[in-house]
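For reference, the structure is listed below as structure tokens.
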Amino acid sequence: TSLVRLTELSPHLWHLLFNRPTYHNAFNTAFAQQLIGHCRNLAQLNSDENRQKRAVLISGEGRSFCSGADLKERQSIKSK
């Protein structure tokens, strides 16, 4: 399941959707990795030779845009 979805709406407009509504779109490791991957893809598009301007709409599925870090995952991380 995609926790973060990237959809091309038009050649210059993209939609980035946080898709973890059960957890109010809280960041966990998998969520962050997918978000970073999509941002890298968008950065690559902007580095193309034509360098046309692009816009990205960002939204969250469900009631919350993003509630921050996933505290349950953080509790399971052992400090060094």
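Here are a few things to note about the model shown:
- Each residue in the range 42-55 was checked for being assigned to a helix (DSSP H, G or I) and either modelled with pLDDT of 90 or more or over 30 Å from K72 (Cβ atoms) (or both), and 4 pass.
- First in the range 55-80 and farther than 30 Å from H12 by Cα, second anywhere and at pLDDT below 95 and loosely packed, with under 13 Cβ neighbours inside 10 Å, Cβ under 8 Å, 6 or more apart: E73/T29
- Filter result for S64 (in contact with a His (Cβ under 8 Å, 6 or more places away or on another chain), open to solvent by less than 60 Å² (accessible area, probe 1.4 Å) and outside any loop (DSSP other than H, G, I, E, B)): no
- Scanning the range 40-61 for residues that are open to solvent by less than 50 Å² (accessible area, probe 1.4 Å) and within 11 Å of L17 (Cβ to Cβ) returns S59, G60.
- Residues satisfying the stated conditions in the range 18-39, i.e. within 11 Å of V4 (Cβ to Cβ), open to solvent by less than 20 Å² (accessible area, probe 1.4 Å) and not in a helix (DSSP H, G or I): F18, N25
- Considering residues of the range 3-15 that are crowded, with 17+ Cβ neighbours inside 10 Å and touching a strand residue (DSSP E or B) at 6+ places or on another chain (Cβ under 7 Å) only, the residue farthest from L71 (Cα to Cα): W14
The values are calculated or read from the model by the stated rules, or taken from the named source; none is laboratory data. Please read all numbers here as calculations on a predicted model, not as lab measurements. Counting neighbours? That spans all protein chains shown, and the Cβs are built from the backbone with ideal geometry, glycine included. Only protein heavy atoms, including side chains, enter the accessible area calculation; ligands, DNA and RNA are left aside. Shrake-Rupley method; radii C 1.70, N 1.55, O 1.52, S 1.80 Å.
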